[in-house]
Each structure stands twice: as structure tokens, then as C-alpha cells.
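Let me begin by presenting the structure, written as C-alpha cells, before commenting on it.
The values are calculated or read from the model by the stated rules, or taken from the named source; none is laboratory data. This one's a predicted model, so the numbers in the text were calculated from it and none came from an experiment. Quick reminder, even Gly has a Cβ in these numbers, built from the backbone with ideal geometry, and neighbours come from all protein chains shown. Ligands, DNA and RNA are excluded from the accessible area calculation, which covers all protein heavy atoms including side chains. Shrake-Rupley method; radii C 1.70, N 1.55, O 1.52, S 1.80 Å.
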Amino acid sequence: MSKRSSGTQLHPYVTFRLSGTGGQGLILAGRLLAEAASIYEGLNVVQTNSYGPEARGGASRSEVVISKGEIDILHSPVIDTLVCLSQQACDAYYGDLSNTGLLITDSMLVGVVPTARAVEVPVTELAQTLGNKMTANVIALGVLVSLTGIVRLESLKSAVAARAPKAFLELNVKAVDVGFQAAAAVVGKWNAKRRSAIPDYSHIRG
Amino acid sequence: MADATNQTAEPVDRHSWLRGNKKFPHMWCPGCGLGTLLNTVIRVFVAKGYDKNETVVISGIGCTGRIPVYVDCNTLHTAHGRALTFATGVKLAKPNLKVIVFMGDGDAVAIGGNHFIHAARRNIDITAVVVNNSTYGMTGGQHSPTTPLGMKAPTAVTGNIDPPFDICNLAVAAGATFVARSTIFHYQQTFRLLSEALEHKGFSVLEVVSHCHTSFGRINKLGSHLDMLKQQRDHAVVFTPELDVEKARAEGKDLVIGLLKKDATRPEYCDQYEKLVIQPSQAKQNRGGV
Amino acid sequence: MVTTAAQKPILLSGNEAVALGALAAGVRFYAGYPITPSTEIAEVLAVELPKIGGKFIQMEDEIASMGAVIGASLAGSKSLTATSGPGFSLMQEHIGYAAMAEVPCVIVDVMRGGPSTGLPTKTSQADIMQAKYGSHGDYPSFALMPNSVLECYTLTIKAFNFSEKYRVPVILLSDEVIGHMRERVVLPDPATLEIINRKAPTEPREWYRHYPDKTTGIAPMASFGEGYRYHVTGLTHEEHGFDATSQEVAKLLEKFKNKEIRNTKELTMCESFCMEDAEICIFAAGSVARSARQAVRILREKGVKAGLLRPQLVWPFPKMPVEEVYDQVRFILVPEMNVGQLRKEVERLRTNMRVKVKGLNVLNSVMITAEQVVERVLQIDFRSGSESEGGTSNG
């Protein structure tokens, strides 16, 4: 029992929270982000969920912690990137966002945005345009990856492709692109100062 | 069908099924029906030529629960009311074993009522023998879920107000595919029905109406064990499809015995399990999102 | 599924890892009743067991599930059930039976908020004492607490090994966070795993005793249908399973006790982290130990000499390592998601009255964070500096 302790060093890590209502596919989205980071980027991840008793309609959230080192954070009170697909989630969780953190909202579903730094993308509307409302979660991931660079676009696409049913594979991979481009389009209109407030996590994957 | 009076088995064969070295005399009261039933059970095993190593006798708690102690095969004395759950595990894990479960009335349909109806629903190949003496004998004669209305017990001193279960009706309704009733008095009937129940593929229930002259009989002034056996004889009427149950009851024949249900068409649970193949296409259904 | 998954990094949830660990250990029978947050274990095994000739059955309740598990184990199958608090309470009758009749089996309790129906989708560690004392009477209790997805896999195998070796029911105390969280894991090569199967009897069949008195408490075990015709009972019994005399009763209970105390070396499973020079010990198990380990890192960064002692096997309780800690540190902090179940056990072993034992008891069903642990340590440490040497040591 007296083994020398290893792993005593503190490693940098980032925390993501995907939130909304049950049925929007956010727990699965958390899993996809975690798979993209762990299987396709070789990073360590801890992905946890929190949800109510209802299968549909209740509050739902998924958290992903990503680091190169060992992760011992099963629940983080401070969030680096928060994705909100409902007003209720945004109201509840904005307080947990770190001062330098990034807020991504669905501009169609979140009317009252608590900060001017938020990136508002109409993900549900884009999903409907794409022909399937169920792809909103994947579009949101495309937005997240586009802005933060936490994983490479190909890694996210591979993770989505590995889990999508065959008949919907193309649609879901396309949804990643739609989100990725939509985010770039929104931020592209911003001036350089405003854009510089968006954190870049690409250093986490080294 | 072997006849009880015409058995080829030698007495020495019957004794070989008993754990005689340690456990006799048995612990039941003199005159108790369980001794007679044990005798019948052993005779059936011998007549059927069962392999002791492949036979499992399981029981719950109570006077009836002591039956396995005396039988030289694989024996399992479980917790009160739970015999059928253990039996389900044994049978499903090793379907080649012959599993027979002994329970009392309280054991089977009070504390174990849920397990009883679910074992019947699954139609798993187990024979359940429910010895119904209308009372909790081992704890001193309290009223049970089969105590008739108005009968007395230490926990129903002015007469029972809980309507009783009809164990066989319950078994039929829950989906048991072989249901029969006999009494301790009707020894040959019990032999024949038990033989048939053991050969039936599926969940078979044999209710054996017994007597507890020590507590139930004494409190209700029903006489000695012999008197109570005579009551079994006098109240019994053999079931036939033509039997007018109401008419028979009016004539004092309120104990319908014999084979009440037999359905060989319903699939047995372990057989169904063996056919279980999970198709990859069934494993996942999806509506378009991931 | 198990072999292809091995040695390649995969993202796995704790509950899935329990199911895969059970399969690697050789599970051939599962009986259970659906309950949040344990259901994924049943769902994986419902698919996998029929493929390998194993049996899966959904029973009418948890009492029945445990009964079926014991029956199947007696018939020779390695057997498993999984549940959460309310179901675990229902299983206690048969957990005592399995201990009394010495039937190997594994029970997974994915803890959720309690008492009663409590918080089905939230976490807790409040079943630790139920894992020890849940059933009536004195019986040997074995309980493992995984702190990661990988340990859900490895400790499930360990649970089967202990159960088969010692002929006891073994409990795996997971919790909602561990059960549902996903981590990147590389499962060990199946060829490297130690898998223990119950010892088959070697004596002639007529000499076989199902419950022989062995000083180590470990006896070979035959299964139903193998030609050894023995009697199994929940009654206190002698070596053949028949009614015991009063001397035989004492002998049986002594034997149960020996299962724990004669095998302490193997039954002490503790991990220590930064304990070499620690002045402060954080004693934590399961999911909370993860936050505690992060807290130790943060404290070390601040120059505070903290370390972590983590029991993987909480029952039998790790007596020796805890007693050693009392000779080393200034105080012990026990963070846990209950009102102090582990802390009381730590306090019970106190050999040095100057060492304080303090708790951090988070009861709001939200996972304890590293920051909370750090804050509590600094709070106590500040006080201990200002207090006189003879300061009180109440938790």
C-alpha cells in the first residue's frame, strides 16, 4: 500500500456544459464530444449527466471535462463553455460560467441573453432547414468545435459518423458542417476585439 | 399411468430416497398429513424412475418447508414465500434438472403470492405442490389467506373476516398450464395427479388440501386428525366438465378435486429462452438524430 | 464484445463497465428488476448473455431477483444482480440467506439519494452501512467501491473472485455519478485477468460435506446436478446442512467471522496517494475519492502536506492502514455524501486521541467538488493551528 504517488501534478483542463430540455439529445451530444476528444484525439475525458425523472421535457444537461492529464473532476462548479438550448437552462446555468467563459445559445429558443459576449446561433432553425429537427444537437456541436477548437472538425465528424444510424449518416455529418459554418458566419461579422474574447482551447490537445 | 396399488417398486427403493440416517423420526405432529404426502412423493419419484442427482426439491418456510430435509436428492430450503424464485433460478440455469417446489398456503399465496402468480405467468417448467391446511401451523394456527370465513384462529378470535383465496382459481387465472387439487385422504388421487404434474411441461400446480388438527382443528373443534380426514372425504367431489359446482356445494360437496386445467399448447419458458436470438436489426431503433 | 474492446481506448460508462467486467469474470446468470440508476447493467447483459449461453431474466421484484440469483449459483452459474437503494433494501433478506448458506453471488448497488424513493437520478453514498449491516444477524460482509469506470470493470471481476473464493455474497457499491459517467478507458487484455472459480470438491461423493468447518472459512463447493446430494438451508446448520446443536451454532458463526479475519492480507485493498509525507489524511471512497485526489493536488500546490487514503474494499473495513495513519497525521478528513457513515468507522479505530477526525458531509445530492474539500481542509487546519494541544477531537 505504500506505493510512491504518481500523477501529483495539476493538469490544465476545460469544462463544457451542454444544457436544455430532455429530448433535445444533449446527453448524447455530450457523449459525442467526449468520444471525439477521447477516441479520435487521444485525450482524457470525464463525461457526466444530470437530468430529471422525465424522459422528455425536463431539465437536462451533460458535462464534459477534457484534459491531456489525469482527470479527477466529476463535477465542476465552474464551466468554461456553456451551450444552452433553452431559456430555462440559460437562466439556471449562466451563473456557473467562468469570467472568461463562452456562452453559446440557440437564438430561436433563448430570447433573453445575459451577456453581449454570447454567440447566438439558430441551431434548431438550421436543423429544421436541414429537414430533421433531431440534428440540432449535432449542429450545436459543430458550433462549439468551430469556436473553441477543442477537437478537430474531422474528429467530431468521425465520432458522429460512428454513432449515426446508416440511413442518417450523411445528414448528421452534414449537420456538423452546418453548425461549423454557421458559427463562423456569426462570429465573422464581429470586430476583432469582440472576437478575441472567444477562448481558444486548441492548446489543450497540444 | 402407474397405479398406486400396483407399483413395481420395492420398499428398499423408496427408502433409498430418504435421508434415513439422520433425520427420522420426522418433526411433524403425529397424524399430520405431511407424512402421508412425503410418502406419496417418494412413491411417485420411484415409480417415475427419476434420477436422484437430477432432481431438486425446494421449499419455503413452515411445516411444509421441512419436506426437503428428508429427501435424498438436491434439496433447497429457502426463505419464507420465496421458494419459487430460487426454483426459477435453478431451473433456468440448468433446465435438465427436475424441479419440484413444496409450499404451504401462507407460503405460496400470502408472502409468496407475487412469486406464485409470476411463475405461473412465465409457465416455467416447475411443479408447485401447495399443501393447504388453512392455517399457519408452525407459528401456532393464525389465520391464513385460505382460512374460510368465520373460522377461528388466535389472530381471528371471533371468526375470520378475510375472504379466502381459491388457490387453484388463482393459478388458472395467472396462467399455470396444469392445475389440480387433491387431499391427503385421497392418496391415490394425489399419486396420480402428482405423477401427471411432474410429467407436464410447464408450470404445474397441485393443491393438496391437508389438515392441522393440532391448532386449526382444535381451535375450531373439528375433532381428531381422523375426523378431519373424514371431512376431506365427505366434502370432496371429483371434477368433471359436467359438474354443477353450485349444486354440489348445496349438497355439502364444496371441495372440488381432480384435474382442473391442462393446457399443453402454451410454450414453456426455458424452451422460449433457448429460442431467444437477438437480431442486430432489432437491437436499435432510431428516428434520425444521433 | 469483450475481446474486441480490450486494449483499445473506448468511451465507456460505469454501468457498461460493470456489465463487461461481469462478462470477463464469467457471469452466466443475471436476474434483476429495473431501477434507476442501475438499469444499463441489465440492458447490456440482456443482449450479451443469450449470445454466450448465459441466462438473463427480469423478475417480478428485487426479492425474487436475489432468490433466482442464489438458485442459479447453486446450479453452478456465476450470478449477478444490479439495483439501487430501494431494491437493495428488498434484497437484504436474501443477501443474509446467501451469507448463511454460503452461496457465491455479486450484488451491484448503484447508490442514489435516499431514504425511501429519495432521488432516483441523483447520487449519494448513503448505502455504505446497509452494505454492512443490511440483513439481520451477524454475517461476513464484503463490499467494493469503484472510483472510476475502469474500476467498475476491474472491481466487478474482483467481486466475483471474492464471492467464488470465500463463498459469500459480495456487494459492489457504485453510485449514480460513477454509473452514468463516461470515461476513456483501455480495458485490460482478458488473458492477463485473474479469474477465480469456486473450488470443486475432491473427496468421494458420499463423504462430501457442503459446509465443512475450515479455519480459513473457505470450503470447496459442489453444484446441483453434479451428483453431490446436499441440503441447503437458511437455518443455522451443521456441516451437512441439518439442524445444528448449540456448539455447532457457535462454530458456524465463528467460521463466518474467520472469512474476514483470517484473510486480512488479501482483504485489505487500499490505495494511498501522496501519503508518504502527509500530515493531513483525506479518507474517501468511491466517486468522492476522485474529488479528494484533485483536492490533494490543489493542496500540495498550496504547500499543504495532504494525502489521500482510499479503500477499494470498504467491507471488511481496512483496519491496519487506518491505524497506521493515526500514527502519522495531524487530522483525518472524511468527505462523503452521507451524514458520516465512513467517518464513524474511522473514528472507531482511533488509537491516537490527538488526531482529529472531521467530516465533510454533502447532502444536497450534488457531487462533492475538489474545491469543497480544499476549503474544508484549510478551515480545519487553520483552527488546529490556533487551538491548544489538548483540543477537542469531536467530528
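Listed by position, the strands (runs of 3 or more DSSP E) enclosed by the stretch B:47-122 that each have at least 2 residues that are more than 8 Å from chain C (Cβ to nearest Cβ) and in contact with a strand residue (DSSP E or B) (Cβ under 8 Å, 6 or more places away or on another chain) are B:55-59, B:98-104. The set of residues in the stretch C:79-131 that are open to solvent by less than 10 Å² (accessible area, probe 1.4 Å), of a type in the set (Val, Ile, Thr) and not in a strand (DSSP E or B) comprises C:ILE95, C:VAL103, C:THR123, C:ILE128. Flag: C:ARG262 matches the condition of being more than 14 Å from chain A (Cβ to nearest Cβ) and of a type in the set (D, E, K, R). Condition first: under 22 Å from A:ILE27 (Cα atoms) and surrounded by fewer than 20 Cβ atoms within 10 Å (Cβ to Cβ). Can you find one or more residues in the stretch C:10-26 that meet it? Within the stretch C:10-26, not a single residue is under 22 Å from A:ILE27 (Cα atoms) and surrounded by fewer than 20 Cβ atoms within 10 Å (Cβ to Cβ).
Go through (1) surrounded by fewer than 21 Cβ atoms within 10 Å (Cβ to Cβ); (2) farther than 30 Å from B:LYS94 by Cα for C:PHE242 and report which single condition fails. In the conditions (1) surrounded by fewer than 21 Cβ atoms within 10 Å (Cβ to Cβ); (2) farther than 30 Å from B:LYS94 by Cα, C:PHE242 misses (2) alone. Restricting B:ASN39, B:ASN53 to those that are among the polar types (S, T, N, Q) and over 23 Å from C:TYR211 (Cβ atoms) reduces the list to B:ASN39.
Every condition in (1) closer than 21 Å to A:SER50 by Cα; (2) within 20 Å of the chain's Cα centre (by Cα); (3) in a helix (DSSP H, G or I) is met by C:LEU23 except one, and the failing one is (1). Can you tell me which residue within the stretch B:161-194, out of those that are of a type in the set (Val, Ile, Thr) and touching a residue at least 24 places away in the same chain (Cβ under 8 Å), is surrounded by the fewest Cβ atoms within 10 Å (Cβ to Cβ)? The extreme case among them is B:VAL172.
Please go through the stretch B:255-290 and pick out each residue that is of a type outside the set (A, V, I, L, M, F, W, C), at pLDDT 90 or above and in a loop (DSSP other than H, G, I, E, B). Please lay out each step first, then the result.
Here is the first cut: in the stretch B:255-290, the residues of a type outside the set (A, V, I, L, M, F, W, C) are B:258, B:261-263, B:265-269, B:271-275, B:279-282, B:284-289.
Then drop every residue that is not at pLDDT 90 or above, which leaves B:258, B:261-263, B:265-269, B:271-274.
Matches in the stretch B:255-290: B:ASP263, B:THR265, B:ARG266, B:PRO267, B:GLU268.
Can you say whether C:VAL47 is surrounded by 21 or more Cβ atoms within 10 Å (Cβ to Cβ) and touching a helix residue (DSSP H, G or I) at 6+ places or on another chain (Cβ under 9 Å), as far as the supplied structure shows? When the stated conditions are applied, C:VAL47 does not pass them.
Just one of the listed residues (A:ILE79, A:ILE139) is open to solvent by less than 60 Å² (accessible area, probe 1.4 Å) and either away from chain B (no Cβ under 14 Å) or on the phi > 0 side of the Ramachandran plot (or both), namely A:ILE79.
Please verify whether C:GLU60 is over 23 Å from C:PHE162 (Cβ atoms), within 21 Å of the chain's Cα centre (by Cα) and surrounded by fewer than 23 Cβ atoms within 10 Å (Cβ to Cβ), treating the condition exactly as stated. So C:GLU60 does not fit the description; no.
Residue count for the stretch A:32-43 under the criterion of being open to solvent by less than 40 Å² (accessible area, probe 1.4 Å) and either part of a helix (DSSP H, G or I) or at the interface with another protein chain (Cβ under 7 Å from one of its Cβ atoms) (or both): the result is 7. Test C:ALA292 against the stated conditions and say whether it is open to solvent by less than 10 Å² (accessible area, probe 1.4 Å), out of contact with any Lys or Arg (no Cβ under 6 Å at 6 or more places or on another chain) and in the same structural domain as C:LEU378 (by TED's automatic domain parsing). Yes: the conditions hold for C:ALA292.
Rundown of residues vs (1) touching a residue at least 12 places away in the same chain (Cβ under 8 Å); (2) surrounded by fewer than 24 Cβ atoms within 10 Å (Cβ to Cβ); (3) not in a strand (DSSP E or B), yes/no style:
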{"residue": "C:SER223", "(1), (2), (3)": "yes, yes, yes"}
{"residue": "C:VAL232", "(1), (2), (3)": "yes, no, no"}
{"residue": "C:LYS255", "(1), (2), (3)": "yes, yes, yes"}
{"residue": "C:THR268", "(1), (2), (3)": "yes, yes, yes"}
{"residue": "C:GLU271", "(1), (2), (3)": "yes, yes, no"}
{"residue": "C:VAL288", "(1), (2), (3)": "yes, no, yes"}
{"residue": "C:ARG300", "(1), (2), (3)": "yes, yes, yes"}
